[in-house]
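Everything on this sheet refers to the single structure shown next.
The values are calculated or read from the model by the stated rules, or taken from the named source; none is laboratory data. None of the values given here were measured: they were computed from a predicted structure. Neighbour counts are summed over all protein chains in view; Cβ atoms, including those assigned to glycine, are modelled from backbone coordinates with ideal geometry.
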Protein chains: 2
Amino acid sequence: MAKQISDLKLGVLGGGQLGRMLIQEAINYNLTTLILDPDTNAPCKHIANYFECGSITDFDTVYNFGKKADIITIEIEKVNIEALEQLEKEGKQVYPQSRVIRLIQDKGVQKQFFKENNIPTAPFQLVNTREDIRNSSFAFPYMLKQRRDGYDGKGVMKINHAGDIEKAFDAPCLIEELVDFEKEIAVIVARNPKGQMTTFPMVEMEFNPEANLVEFLISPSTYPEAIQLRAETIAKNIASSLNITGLLAVEMFITRNGDILVNELAPRPHNSGHHTIEGNYVSQFEQHLRAIFNLPLGDTRSINNAVMINLLGEKGHEGVAKYQGLEKIMAVEGVYVHLYGKKYTKPFRKMGHITVVDQNREGAIEKAKYIKETLKVIA
Amino acid sequence: MAKQISDLKLGVLGGGQLGRMLIQEAINYNLTTLILDPDTNAPCKHIANYFECGSITDFDTVYNFGKKADIITIEIEKVNIEALEQLEKEGKQVYPQSRVIRLIQDKGVQKQFFKENNIPTAPFQLVNTREDIRNSSFAFPYMLKQRRDGYDGKGVMKINHAGDIEKAFDAPCLIEELVDFEKEIAVIVARNPKGQMTTFPMVEMEFNPEANLVEFLISPSTYPEAIQLRAETIAKNIASSLNITGLLAVEMFITRNGDILVNELAPRPHNSGHHTIEGNYVSQFEQHLRAIFNLPLGDTRSINNAVMINLLGEKGHEGVAKYQGLEKIMAVEGVYVHLYGKKYTKPFRKMGHITVVDQNREGAIEKAKYIKETLKVIA
């Protein structure tokens, strides 16, 4: 018999909450998990078979770590690509492929890829310096996004008028037309090396305006089927064009005139798929494993209405985390707690998430609002 | 704020598959888990915060291990009770309580408890030696069960006639009237220190006659509501009488004339509750954590029809385990794989389980039969 999933070692670059939830699923398949993360207290530390504290952006560290694994995946894009390329050359399976990570690491290249592949996205222009921004003829207001290393709302700013340019990033950026959107949505698509593809039902996101982080995520969407189908088709087209193996999260806008524009991509399990653990037949984490191990993809259908609430560190609190109101929210039916094992909280740090499922969509939303008001991460 | 679940250390005696699935849930609550198991390759080894290889039946080992934890639980009954009693005296929380484990460890005491508390059970007689069996006036055929250390079908034999007594156990046993049952069923009840109690819906079990192990488990039952309510009431009465904290699995028979008789108890997560991971809103493992940490109990309702298949080591195979047919069964919708992380297989060893969920009960059963035929653990 050929080598099978339970014989293989999975190396993961990054040991945060995404790696943690991936390991929770990997346990079901006897997978041996190896984690590389620079934080000695990373959320994955105690639950991986092997944990190495080290840089995921350093060539030697990533290369030597990767040599120990059979299949290598990521839970964050900011990793050393050259090491992954070298590992691929030596026959290691790296999923998503290094070329996909390289493309997605750079929001400028990502946008050009959309343009070249007829993927609908907001008009944009690439700039390298603050001077370039000043010389741009782009109409105010617009969004300015750093091409590299932005995440969780960081590396993004709104430029309302010429005066804002003084404090603009002086780095390679993209200028993007402000999208007058009605809703932010996401579709997660999975693709295995055989080319089998599945999408999870489209979800709707509501953002915390202050932190620019997802506050509530509602699954499934109640947008008309035609719109949902369009969003799923866009996601599949991107996954096919990229020829990706693994998960791809596609964040999109629905504009006020009903267009769908792609915002950005993440080639890995994503915050917009956490609800799938309880809300769908297969979770995004198991689907990622099925995809990268070239196994049949699971059933993505929703089981129930699900609302996911990101549990962010409370403003004004920094220090050892305490979860106020946990017992209260656990008394609500259909509530699932996911704490990420982070010892210290700080304002807006992602400390966990809560998913609430309910046969009634409005019921789930009401419960989510109660949870948001009741549960606080303080120090 | 008082100490809360994420601050506490959970010590578990036993590091097998039950501990493993308990840890998978404990991760969601940031629980620090400590495991004691005599097997250096125990299924929990790599996923616990702290793993100690040592005897769970030795006083000093259990006592010293328990000192490191805040709350102590078990995943197998055969543990050193005296150490747990001492830990309780010193203020540690031991759930289930040592007196409950002591009672359940001895099938003779268990039966007497049923009798004293008007719990319906088959007529029985206690014996100490083979000579006692010979002198018994119990009518043939009957069941002979060792009072201690029987599990997974071991320590149980059928005595058909006087000739069988020659090979009978020469140890403290109970003789039990043969129950002419129509179905074996189970109800899992949970109780927290506040006295809150919930039962999972009654399930039906089908046994492998050769191994005397559960082969299929079907949830929920389709017996008339009145019978299900009776079974749940019996389970709750036992939990109340025991004043137990934690889970209690109650295995019962439905006789051909519609009576319910209690067979035996397990004060912990149990094979008859594995389907709850995907089939019910709360899983038995999370419910056990909620109970022992005195948190509100979760919603036990079924989400879907679920059939659980124990994945037993194939006859004639002993050695490093291989999972034949895994990819095939993963192509079936609604199939969940749980491998237990055991390196070596042997005939009838519990190597994992598969749960299949389906909105249609017959559909779930058909899929389960296909899985049973297709998936084999070989060496």
| said: List pairs: first residue in segment A:109-132 and touching a residue at least 24 places away in the same chain (Cβ under 8 Å) and within 19 Å of A:I165 (Cβ to Cβ), second residue among the β-branched types (V, I, T) and in a strand (DSSP E or B) anywhere in the structure, Cβ distance under 8 angstrom, at least six positions apart or on different chains. | reply: A:F124/A:I175; A:Q125/A:I175; A:L126/A:I175; A:V127/A:I175
| remark: The number of residues in segment B:3-25 that are in contact with an Asp or Glu (Cβ under 9 Å, 6 or more places away or on another chain) and either among the small types (G, A, S) or not in a helix (DSSP H, G or I) (or both) is 12
| query | In the list A:E215, A:E184, A:E206, which residue meets the criterion of being free of Cβ contacts under 8 Å to residues at least 24 places away in the same chain and either surrounded by 21 or more Cβ atoms within 10 Å (Cβ to Cβ) or among the charged types (D, E, K, R) (or both)? | reply | A:E206
| Output for segment A:290-307, where each listed residue is under 20 Å from A:H275 (Cα atoms) and in contact with a Phe, Trp or Tyr (Cβ under 7 Å, 6 or more places away or on another chain) | A:G298, A:D299, A:T300, A:R301, A:I303, A:V307
| task | Could you tell me whether any residue of segment A:45-58 is part of a helix (DSSP H, G or I) and touching a strand residue (DSSP E or B) at 6+ places or on another chain (Cβ under 7 Å)? | result | no
| task | Please note which strands (runs of 3 or more DSSP E) are completely contained in segment A:290-379 and include at least 3 residues that are within 12 Å of another protein chain (Cβ to nearest Cβ) and among the β-branched types (V, I, T). | result | A:350-358
| Which fully enclosed strands (runs of 3 or more DSSP E) of segment B:151-218 have 1 or more residues being closer than 30 Å to B:F138 by Cα and either touching a helix residue (DSSP H, G or I) at 6+ places or on another chain (Cβ under 8 Å) or of a type in the set (D, E, K, R) (or both)? | B:156-159, B:173-177, B:181-191, B:203-208
| Out of segment B:1-15, which residues are of a type outside the set (K, R) and surrounded by fewer than 20 Cβ atoms within 10 Å (Cβ to Cβ)? | B:M1, B:A2, B:Q4, B:S6, B:D7, B:L8
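Sort out which residues of segment A:27-43 are within 10 Å of chain B (Cβ to nearest Cβ) and either touching a residue at least 40 places away in the same chain (Cβ under 8 Å) or of a type in the set (K, R) (or both), and write them in order of number. Before you say what the answer is, go through the steps one by one.
As a first pass, look at segment A:27-43 and keep what is within 10 Å of chain B (Cβ to nearest Cβ): A:27-33, A:43.
Once the filter is applied, which keeps residues that are within 10 Å of chain B (Cβ to nearest Cβ) and either touching a residue at least 40 places away in the same chain (Cβ under 8 Å) or of a type in the set (K, R) (or both), segment A:27-43 yields A:N28, A:Y29, A:L31, A:P43.
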| field | Out of B:L18, B:L36, sole residue that is buried (at least 22 other Cβ atoms within 10 Å of the Cβ) and within 19 Å of B:T245 (Cβ to Cβ) | value | B:L18
| note | Output for Cβ contacts, cut-off 9 Å, separation at least six or different chains, first residue more than 10 Å from chain A (Cβ to nearest Cβ) and modelled with pLDDT under 95 in segment B:1-25, second outside any loop (DSSP other than H, G, I, E, B) and surrounded by fewer than 24 Cβ atoms within 10 Å (Cβ to Cβ), reads B:L8/B:T32; B:L8/B:I71
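Given the condition out of contact with any Cys (no Cβ under 8 Å at 6 or more places or on another chain), in a strand (DSSP E or B) and either surrounded by fewer than 19 Cβ atoms within 10 Å (Cβ to Cβ) or touching a residue at least 60 places away in the same chain (Cβ under 8 Å) (or both), answer yes or no: does some residue in segment B:225-246 qualify?
For segment B:225-246, residues out of contact with any Cys (no Cβ under 8 Å at 6 or more places or on another chain), in a strand (DSSP E or B) and either surrounded by fewer than 19 Cβ atoms within 10 Å (Cβ to Cβ) or touching a residue at least 60 places away in the same chain (Cβ under 8 Å) (or both): present.
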| task | Out of B:E327, B:E278, B:E366, report the one residue that is of a type in the set (D, E) and in contact (Cβ under 8 Å) with a residue 12 or more places away in the chain. | result | B:E278
| Subset of segment A:98-119 [over 13 Å from A:S241 (Cβ atoms) and not aliphatic (A, V, I, L, M)] | A:S98, A:R102, A:Q105, A:D106, A:K107, A:G108, A:K111
| said: Take the residues in segment A:270-281 that are surrounded by fewer than 24 Cβ atoms within 10 Å (Cβ to Cβ) and part of a loop (DSSP other than H, G, I, E, B); name whichever of them is farthest from the other protein chains (Cβ to nearest Cβ). | reply: A:H270
| request: Pull up segment B:55-73, narrow it to residues that are under 22 Å from the mean Cα position of the chain (by Cα) and surrounded by fewer than 18 Cβ atoms within 10 Å (Cβ to Cβ), then point me to the one that is farthest from the other protein chains (Cβ to nearest Cβ). | output: B:T57
| query | Of all helices (runs of 4 or more DSSP H) completely enclosed by segment B:59-149, which ones contain at least 1 residues that are in contact with an Asp or Glu (Cβ under 9 Å, 6 or more places away or on another chain) and more than 30 Å from B:G14 (Cα to Cα)? | reply | B:130-135
